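> Quick one: structure below, then a few questions.
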Amino acid sequence: MWWSIGHTVKPNNREIPFFVDDLLAITISPRPENDWQALMETVPGDTPEESKETLQPLREAVVDCIDMLSQQDHFIIDAMNSEQITYDELGKRLGTSLTHAWRLRNAAYKNLEQILERHNVIRTYLRMDHE
């Protein structure tokens with residue numbers, strides 16, 4: 001039995017209904033190791049996926065930017081992404097209310113965004129220097 005119409009996936013822009021149990025079987029394919037592998041794995045007419053090799057400088061730039069954050073902002077971003085804690089748990093760890101934890105989280109991401117926007121590697125990747 002299919003669940004509701006809202007339970008679909010869209011590979012290659014085609015809606016395909018799925019069983020909820022099938023969701024557990026879905027795996028995310030790993031990124032190609034290098035540009036040649038990416039090109040070889042591309043379906044004709046599609047754009048090649050960026051390889052791990054191509055994205056490595058970008059990953060390192062993001063890590064650099066996170067390291068530039070204040071200790072509190074670094075903690076918040078790490079806890080929310082790595083540990084996937086709730087706002088309630090974040091508030092408990094910071095000794096604040098859930099609402100204030102939400103505000104602190106938003107401020108931490110805003111600070112990170114500002115740092116990311118100034119990083120040369122990221123600006124080049126996003127072509128922000130050409131605006």
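Read-outs: derived from the displayed coordinates by stated rules, not from any lab. Since the model is a prediction, treat every value here as computed from it, not as a measurement. Methodologically, a virtual Cβ is constructed for each residue, glycine included, from the backbone with ideal geometry; neighbour enumeration extends over all protein chains shown.
> Reported to two decimal places, what Rg/Rh ratio describes the stretch 28-117 when computed on Cα atoms with Rh from the Kirkwood expression?
On the way: Rg = 17.8 Å, Rh = 15.3 Å.
In the stretch 28-117, Rg relative to Rh is 1.16.
> Taking the Cα centre of the stretch 65-130 as origin, sum charge times position over the Cβ atoms of Lys and Arg (+1) and Asp and Glu (-1), and report the length of that vector in debye to the nearest 20.
On the way: 8 positive and 9 negative charges, 37 e Å.
Approximately 180 debye in magnitude.
> Dividing the convex hull volume of the Cα atoms of the stretch 68-131 by its residue count, what figure in Å³ per residue is obtained? The partial results should precede the final answer.
Details: hull volume 5.5 nm³, N = 64.
Looking at the stretch 68-131, the number lands at 86 Å³ per residue.
> Below 12 angstrom from the Cβ of Arg31, what's the summed charge of the other residues (Lys, Arg +1; Asp, Glu -1)?
Working: positive: Lys52, Arg59; negative: Glu33, Asp35, Glu41, Glu49, Glu50, Glu53.
Once all neighbours under 12 Å are counted, the net charge is -4.
> How much net charge surrounds Asp64 when only other residues with a Cβ under 14 Å from its Cβ are counted (Lys, Arg +1; Asp, Glu -1)? Mind showing how you got there, number by number?
Values: positive: Arg59, Arg118, Arg123; negative: Glu60, Asp67, Glu117.
Neighbourhood net charge equals 0.
> Right, another one. With a ≥ b ≥ c the root eigenvalues of the C-alpha gyration tensor of the stretch 33-77, is it rounded (a/c under 1.5), prolate (a/b larger than b/c) or oblate?
On the way: a/c = 5.39, a/b = 3.36, b/c = 1.60.
Prolate, because a/c is 1.5 or more and a/b exceeds b/c.
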